[in-house]
Amino acid sequence: MENSSIVSTTVQESWDEQKAKLKQKFIILSDDDLFFKTGHIGWMFAKLQTKLGKTKEELLSIIAAL
């Protein structure tokens, strides 16, 4: 999916900043929920989707808007 590639690149470049914004927006998120390891973004997104009750598209949209 092209959008995933764009968001993946964005996440890698400024993840600390985005992580802080996500934790501010969704106070239920922990550092463990937002642990990003290169090559494992799909696993992290699946975890976030479950915890936040969002679809993949909704989650991608939220992160892209940060």
State, to one decimal in nm, how far the label point of residue 32 lies from the label point of residue 50, with both points 7 Å from Cα in the Cβ direction.
1.2 nm
If we sort 26-38, 48-60 on the protection proxy, mean other Cβ atoms within 10 Å, highest first, what's the order?
48-60, 26-38
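No value in this document is a laboratory result; all are computed from the given coordinates. Model, not experiment: these values are computed from the prediction. Counting neighbours? That spans all protein chains shown, and the Cβs are built from the backbone with ideal geometry, glycine included.
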